[in-house]
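What follows draws every value from the coordinates through simple rules; no lab data is involved. No experiment lies behind these values; they were computed from the predicted model shown. In this analysis, Cβ positions are derived from the backbone assuming ideal geometry, glycine residues included, and neighbour counts consider all displayed protein chains.
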Amino acid sequence: MEWLLRSSEQYRSQLRQGPFFKSLGAAERPNDLQWVHQLIHQSREFTQALCLRYSLCHDHRYQPVFAEHAFEEADHPDQLIAWMREHDFLNDVQPGGVPATQETMNCTAFSWRSALREPHDVQVVGLNLLSEGVAFDFYSAVIPVLERLGILSGRYWKVHTDVDQHHLTMGLDLCEQVEPDSPKGRLYQRVLWHSASLYHQMLSSWAGEHVEPLPRLH
């Protein structure tokens with residue numbers, strides 16, 4: 001559904017104009033990247049939600065898709081923790097020891113609720129198309145900053161540029177092909193907006209700002 005891909009990209013474009021992405025370039029030393037303590041919360045819980053999604057799936061069409069996604073994400077939190085240790089982000093605190101912002105908790109709760117309660121096609125829209133699209137934008141923006149600061153190392157960061165674009169389209173071919181103004185199309189649009197707004201608020205909180213939900217496209 002090309003219209004769905006276009007809508008997702010439009011929301012992602014709004015996110016890329018938000019406080020987090022605007023503030024990235026101002027980092028002058030590794031200590032300016034304290035948002036990595038929020039990232040470990042998001043990484044852990046998103047990965048756990050993907051594993052739960054697969055374990056609860058009884059639809060043979062979606063099972064291979066959900067299994068592949070969960071498997072490819074499974075060790076990412078441990079990779080991130082290893083990187084944080086290497087670059088002294090964990091000298092005085094345990095991984096996850098810095099409390100999550102309310103916005104981070106709201107966003108991770110969305111992932112859990114989607115995996116627990118939503119139909120599989122709605123999960124694909126929220127947990128693949130939008131979430132992995134935002135992840136691709138996030139890592140594409142962060143990696144040059146880490147490289148400039150001399151702390152780009154290990155597998156964690158670069159693996160995302162390899163897998164996130166693949167992950168964002170996984171399962172879309174299994175979703176019902178609908179028009180934007182159909183009942184199902186309007187549901188998909190609501191899920192995109194809800195997910196995008198939660199990511200916008202979460203990332204903005206990592207830059208110390210509180211923002212309103214994104215304007216709805218439709």
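Observations, loosely collected:
- Range in the chain, longest, excluding exposed trypsin sites (Lys or Arg not before Pro) [loop by DSSP; at most 15 other beta-carbon atoms within 10 Å]: 62-154
- Unit Cα scatterers, Debye sum, the range 65-218: log10 I(q)/I(0) for q = 0.16, 0.18, 0.21 Å⁻¹: -1.03, -1.27, -1.56
- Of 200, 58, 120, the residue with the greatest mean-square motion in the GNM of the chain, using alpha carbon springs below 10 Å, is 58.
- The GluC sites (Glu not before Pro) of the range 1-102 that meet both conditions, a loop assignment by DSSP and at most 12 other Cβ atoms within 10 Å of the site Cβ, are 28.
- With the charge dipole of the range 91-218 set up from +1 on Lys and Arg Cβ and -1 on Asp and Glu Cβ about the Cα centre, the Cα lying farthest toward the positive end among the listed residues 198, 98, 150 is that of 98.
- Three-way shape label, the range 1-109, alpha-carbon gyration tensor, a/c 1.5: oblate
- Rounded if a/c under 1.5, otherwise prolate or oblate - the range 127-197, Cα gyration tensor axes: prolate
- Working from Cα pairs under 8 Å separated by at least six residues, relative contact order for the range 121-218 is 35 percent.
- Distance from the range 141-209 to the range 73-113 (C-alpha centre basis), Å: 17
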